[in-house]
Structures are given as structure tokens and as C-alpha cells.
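Reviewing the structure listed below.
The values are calculated or read from the model by the stated rules, or taken from the named source; none is laboratory data. Please read all numbers here as calculations on a predicted model, not as lab measurements. For accessibility, only protein heavy atoms count, side chains too; no ligands or nucleic acids. Shrake-Rupley method; radii C 1.70, N 1.55, O 1.52, S 1.80 Å.
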Amino acid sequence: GLSIAYQLKCRDPAMKVTVLEKASALGNGSSGWSTGFMRAFYSFDETMQLALDGIKAYKNWGAYTGVKEPRAYFTETGALWMLGKDSAENQVMKERLAGYGVES
């Protein structure tokens, strides 16, 4: 809900948006703890593009939010996926990611 509220205000700063939170504080639920890992590979191209847009926002958090000195930051570490694919399938996956500018 908070992300949607943020996007609505970005689109129309004059819009009045109210966020109702059941918990005692914002980000108290599972979404508040889910920022530990981001990935770029998904089955559908549209989902991959959404994920990459999100990664770009996190990498440039200050510019994305308009905060001059944000306390949040992005650290790229990499990951190892053990998918049980053969070499040909892995190559297709690698080429698909490269088409989106993702090094793999």
C-alpha cells in the first residue's frame, strides 16, 4: 500500500492519499523485511522489466526519492542459481538476460 501511495503522489502531488496500516508502524509486515534479495530473472519479460526497474530505483535511491542524502543504499553481491539446466538452456537464459543489460 505504501508503495502505491508513493507512486500516486509522484504522479499527482496534489492528490490526497491516505495509507491505513493495521500494524503499529509502517513496514511492520513481511514487505518491510523483504528487501534482502533482488533478482532480475523471471519467466515473463514484463516481470523481468518490472524487476529491473526496481533494481534501478534502489541503485539510485536518492535520485528516485528526491532525498539528497538518503540513509538507504544498494550493495550488489551476486548470486549462484542451481537450476539443473543443461548448457544449451543456460546459454539461452544468459542471452535473454544480456538482452536486458544483465551480466550473468
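Values computed for the structure shown
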item: By accessible area with a 1.4 Å probe, ligands and nucleic acids excluded, highest first: order of W61, W81; result: W81, W61
item: Residue-normalised accessible area of region 55-104, expressed per residue, 1.4 Å probe, Å²; result: 89 Å²
item: Whole-number D in µm²/s for the chain (Stokes-Einstein; Kirkwood sum over Cα pairs; 25 °C, 0.890 mPa s); result: 148 µm²/s
item: Rounded percent of accessible protein surface that carbon and sulfur make up, the chain, 1.4 Å probe; result: 55 percent
item: Rounded accessible area of V19 (nearest 10 Å², 1.4 Å probe); result: 60 Å²
